[in-house]
Amino acid sequence: CLDSNGELHEFGMHWTNTDCYYCSCTWSGISCCTTFVKPTGYDGEKCVSIFNKETCTYKIVEKEGHSKECPI
């Protein structure tokens, strides 16, 4: 299987790509799904969600300064 980055993967291989998607290579092709949950239900006027690609997680923080976390 050839992924979107041009990397070749053997049949039966599993990996997490740089966008935090868990992928697998089967005879029918590449299948990927998210490894993270996008948060909802927070105050969008006061807070913003920030995605960390290193940990594949979101953090909800105040728009001004990003120093305080917001409740979800």
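The values are calculated or read from the model by the stated rules, or taken from the named source; none is laboratory data. Because the structure is a prediction, the values reported are computed rather than measured. Backbone-built Cβ (ideal geometry, glycine too); neighbour counts: all protein chains shown. Only protein heavy atoms, including side chains, enter the accessible area calculation; ligands, DNA and RNA are left aside. Shrake-Rupley method; radii C 1.70, N 1.55, O 1.52, S 1.80 Å.
Estimated at 0.36 nm per residue, the fully extended path between K46 and S24 surpasses their Cα-Cα distance by 4.1 nm. Straight-line cross-link reach from K53 at under 19 Å between alpha-carbon atoms covers these aspartates and glutamates, not counting any fewer than eight positions away in the same chain: D3, D19, E69.
Its residue count N fixes a reference of 2.2 N^0.38 Å for the chain, and the Cα radius of gyration divided by that reference is 1.49. For the residues T18, T26, a 1.4 Å probe over the protein chains yields an accessible-area ranking, largest first, of T18, T26.
Think of it this way: in the chain, C33 stand alone, with no other Cys Cβ under 4.7 Å.
Distance between the pseudo-spin-label points of L8 and K63 (7 Å out from Cα toward the beta carbon): 4.9 nm.
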